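Worksheet for the structure shown next.
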């Protein structure tokens, strides 16, 4: 009789569980596609497209830096050649030679890969342990948390293919080790009908697309060490070692041979070699929690996921996959060390909740017995329905709100992200106009920043100084690049050493501003072209009639014409272009023109944090403190990970005599960014005015640790 009742209860649970899980997975799938439906913003895509086109044209796999003049003979292990061919083919199918046309094909490819990845992760969530509806309903919150971190890497990069292949290889390696029987491990790996053979075939494909296919060997070793298997230990280890050996040997089936497998070690080794610290040169290489000015909500979810992942592992120990728990822990360390690894961590976080062992984990069983002992049958039935329904409903509501924010770009604005809803190119990202203005003739030697590199390579009209591939240049070249980027006399000297024939920069990133100011003031260089995305300088000797004023006036006029012809109403992309153009005008000391552009752009997007911050700076310069304060406070509310608006708000409050409020603003600024020198220096002055000498001394100390050579601040601290 008890068995009959238990069977009926299980049947009832299954009847409720199935629609909840199906609807939740559909909601997550739609949200995942929405997060992949955005403008093309990845700076490396034109380079991948150019390399793919050259391969398809019969040029073979690149072996050296053929697009560079600073290190043309440096080895290039092109571990992404398969991905490059796919990118070039997608662009060719879309038709057209310009970036905007080819971007349509790239978006289609990105959507396809994102759909496959989200589908694979959703299938893993469908394997949550046990038959409990409460546990299965966790698929919604777990999936949302995964997407809340994965969205940052849903761009068309080789990693997107790697994520998908990693999920598929891990699942098949685990299945291969679980197979019962005494079948030879070598036969299992050679048979494409068996999970081991399928994992090997997928690994071969993976090696053609991305050098991090070396992870496949690690998967097999961890599965052999930690995985559950009915095999004797010796048989399990023979299969695991065989799988790992085959995974490494698969690299011999690529044009790069064994060098492809060694690529990850070579790439990691660049961070320990002497020379410039690449983590200070390439933004996505910075430690994740040191990300400034963006990803506020994403970082909070990452921190929460670490806590939840640890609790889940402990609560389900003995039933959850120890292999996946180990991989999740390793991915957490990798993400902590570099922003680029957040996508891989998101995948591993979702995988942590799949691949259960038989039966419910002990903790869930204990909780179920506790509920049965203290609640009547009616309450248990109501709770058994209410909890999963509430979790599923919460998932739908969050997904719907997130989708609505995506379609208006409100989410991207709050997260400080440049990508935008829909297709096309991300505004002010690719300096096409500046590249097109290069002189005709043999490809010139063009000094450039990383942001402009791929556009230059994609156009095929120049040889670049640097193309952004960190592992493909010696330390000396990166040291020279850091010298160029810093501006000043060292930068102009470096241009002479390089014998640069032009300088092309994408100016949206503040890292380019020092060099732009230097060249605008240098009589040896003249401004040849400028727009919202890029700027081109040519030697004054080749352009004796160069007129920077007319170039900037034309850029401003074109933007005003675009404003006048665009449909009325909210237009975030048009506002983005205004923010970038105004920054360029400000760099060229055209303050009134910059302010006019900012006001016009803000009329198109009233919740644009960059516009509010930059307009506040203009008002602060004029002494209009009250109006400036309003813009700074608005910018700080809109982007909750940006410290500069709070620093400037504090300056306004300080000058208005509201010292205590100013100190509070500076404290919030350094809380957002503990490495913000201006925040600590101003906080020290505010605390000093409030008579808190000990707190002021502590703030002076933090500021001086950031800039120990600031003699004025050191004198202020000493006078305390």
Worksheet item: Out of all the residues in region 83-95, is one or more surrounded by fewer than 21 Cβ atoms within 10 Å (Cβ to Cβ), farther than 24 Å from residue 34 by Cα, out of contact with any helix residue (DSSP H, G or I) (no Cβ under 6 Å at 6 or more places or on another chain) and touching a residue at least 40 places away in the same chain (Cβ under 8 Å)?
Response: no
Item to complete: State whether the residues of region 530-538 include one that is at negative phi, in a helix (DSSP H, G or I) and either in contact with a strand residue (DSSP E or B) (Cβ under 9 Å, 6 or more places away or on another chain) or at pLDDT 95 or above (or both).
Response: no
Worksheet entry | Matching option when the condition is touching a residue at least 40 places away in the same chain (Cβ under 8 Å) and either farther than 25 Å from residue 464 by Cα or surrounded by 14 or more Cβ atoms within 10 Å (Cβ to Cβ) (or both), among 533, 568, 555 | 533
Worksheet item: Residue check: is residue 560 assigned to a helix (DSSP H, G or I), surrounded by fewer than 19 Cβ atoms within 10 Å (Cβ to Cβ) and in contact (Cβ under 8 Å) with a residue 40 or more places away in the chain?
Response: yes
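Matching residues to (1) at pLDDT 95 or above; (2) in a helix (DSSP H, G or I); (3) in contact with a strand residue (DSSP E or B) (Cβ under 6 Å, 6 or more places away or on another chain); (4) closer than 24 Å to residue 207 by Cβ:
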| residue | (1), (2), (3), (4) |
| --- | --- |
| 83 | yes, yes, no, yes |
| 86 | yes, yes, no, yes |
| 101 | no, yes, no, no |
| 108 | yes, yes, no, no |
| 113 | yes, yes, no, yes |
| 119 | no, yes, no, yes |
| 124 | no, yes, no, yes |
| 165 | yes, yes, no, yes |
| 177 | no, yes, no, yes |
Fill in: Every residue from region 484-530 that is surrounded by 24 or more Cβ atoms within 10 Å (Cβ to Cβ), under 17 Å from residue 590 (Cβ atoms) and within 25 Å of the chain's Cα centre (by Cα)
507
Discussion item. Exactly one condition in (1) at pLDDT below 90; (2) surrounded by fewer than 22 Cβ atoms within 10 Å (Cβ to Cβ); (3) under 30 Å from residue 396 (Cβ atoms) is false for residue 24; which is it?
Written reply: (2)
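Taking residue 608 as the residue in question, decide whether it is within 31 Å of the chain's Cα centre (by Cα), in contact (Cβ under 8 Å) with a residue 60 or more places away in the chain and either farther than 18 Å from residue 503 by Cβ or crowded, with 17+ Cβ neighbours inside 10 Å (or both).
It is true that residue 608 is within 31 Å of the chain's Cα centre (by Cα), in contact (Cβ under 8 Å) with a residue 60 or more places away in the chain and either farther than 18 Å from residue 503 by Cβ or crowded, with 17+ Cβ neighbours inside 10 Å (or both).
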Worksheet item: Among the candidates 502, 486, 510, which residue alone is over 22 Å from residue 48 (Cα atoms) and free of Cβ contacts under 8 Å to residues at least 12 places away in the same chain?
Response: 510
Discussion item. For region 401-480, give me every one of the helices (runs of 4 or more DSSP H) that falls completely inside it and has 3 or more residues that are crowded, with 22+ Cβ neighbours inside 10 Å.
Written reply: 450-459
Response to the item:
Per the list (1) under 22 Å from the mean Cα position of the chain (by Cα); (2) in contact (Cβ under 8 Å) with a residue 40 or more places away in the chain, residue check on residue 445 breaks on (1)
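The values are calculated or read from the model by the stated rules, or taken from the named source; none is laboratory data. All figures in this text were calculated on a predicted structure; none of them were measured in a lab. Because the Cβ atoms are built from the backbone with ideal geometry, glycine has one as well, and the counts that use them run over all protein chains shown.
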